[in-house]
1. So how many residues does the stretch 61-78 have that are among the hydrophobic types (A, V, I, L, M, F, W, C) and either closer than 14 Å to residue 115 by Cα or surrounded by fewer than 16 Cβ atoms within 10 Å (Cβ to Cβ) (or both)?
2. Consider residue 155 carefully, then state whether it is touching an Asp or Glu at 6+ places or on another chain (Cβ under 7 Å) and of a type outside the set (Phe, Trp, Tyr).
3. Could you identify the single residue in 63, 10, 5 that is modelled with pLDDT under 85 and not basic (Lys, Arg)?
4. Could you check the stretch 1-54 for strands (runs of 3 or more DSSP E) lying wholly inside it with 1 or more residues that are exposed (fewer than 12 other Cβ atoms within 10 Å of the Cβ)?
5. Mind listing just one residue for me: the one in the stretch 122-143 that is over 16 Å from residue 166 (Cα atoms) and assigned to a loop (DSSP other than H, G, I, E, B) and, of those, modelled with the highest pLDDT?
6. Please go through the stretch 21-39 and give me each residue that is among the polar types (S, T, N, Q) and at pLDDT 95 or above, ordered by number.
7. Taking the criterion of being under 18 Å from residue 79 (Cβ atoms), part of a strand (DSSP E or B) and among the polar types (S, T, N, Q), would at least one residue in the stretch 147-168 satisfy it?
8. Just for strands (runs of 3 or more DSSP E) wholly inside the stretch 63-121: which have at least 2 residues that are closer than 18 Å to residue 36 by Cα, within 11 Å of the chain's Cα centre (by Cα) and hydroxyl-bearing (Ser, Thr, Tyr)?
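The values are calculated or read from the model by the stated rules, or taken from the named source; none is laboratory data. From a predicted model like this one, the values you see are computed outputs, not experimental measurements. Positions of Cβ are backbone-derived with ideal geometry, glycine not excepted, and every protein chain shown enters the neighbour counts.
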Amino acid sequence: MQTLPFGTWPSPIAPDDLAGGQVVIDEVRVDGADTWWLEQRPTEGGRQVLVRHDGTAAHDVLPAPWNVRTRVHEYGGGAYAVADGTVVFSHLGDDRVYRLDPSATEPVALTPEGPRRFGGLVLHGEHVYAVREDHSRDPEPANELVRLDLHGDNPDAGVVLHTGTDFVSRPTVSPTGAGSRTSCGTTRTCRGTRPTS
């Protein structure tokens with residue numbers, strides 16, 4: 001019998017054998033009769049695929065190379081939101097936010113190119129609320145709560161509703177649309193905002 005140092009012995013089981021077939025499901029949402037979720041697929045290089053189940057079968061909403069994923073705070077979260085069949089999502093390929101209308105096949109960019117990441121997406125009426133991580137700032141990225149126009153090009157990458165804290169996450173809009181809340185982390189207090197129309 002051959003003796004080898006710990007962890008160096010040959011194995012007939014490769015890492016891909018263990019993880020290659022494991023699809024991870026995340027961010028499940030219900031919109032009317034449809035159920036939506038993200039599937040992280042190792043067989044597609046870890047791409048996160050947006051899937052919709054219409055009550056009879058599951059369908060991939062966006063083909064490759066679309067990757068519904070965000071790197072906000074490095075661990076992401078809130079990569080998409082859906083309301084009345086309209087989806088907004090962050091695409092890992094360029095970190096922009098896109099809108100996909102119910103009958104459309106091609107997404108429309110809502111944010112310009114640039115050193116920004118978006119996550120924590122919330123779709124409410126004609127607006128998208130998001131955590132924006134702005135990497136154009138020195139020495140650290142700015143974490144802000146922003147509002148995007150659902151049907152605009154948002155050349156400013158969103159109207160800033162809250163800034164000045166070290167950490168912003170989980171925006172929430174009141175059911176009436178009269179204000180918003182977010183979780184913040186810093187020595188300062190994070191307050192709710194009253195968005196303008």
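1. 2
2. no
3. Answer to the check: 10.
4. Of the strands (runs of 3 or more DSSP E) lying wholly inside the stretch 1-54, those with at least 1 residues that are exposed (fewer than 12 other Cβ atoms within 10 Å of the Cβ) span 24-31.
5. Top of the filtered list is 126.
6. 35 - this is the single residue of the stretch 21-39 that is among the polar types (S, T, N, Q) and at pLDDT 95 or above.
7. So far as the stretch 147-168 goes, no, none of its residues is under 18 Å from residue 79 (Cβ atoms), part of a strand (DSSP E or B) and among the polar types (S, T, N, Q).
8. The strands (runs of 3 or more DSSP E) meeting that bar number zero.
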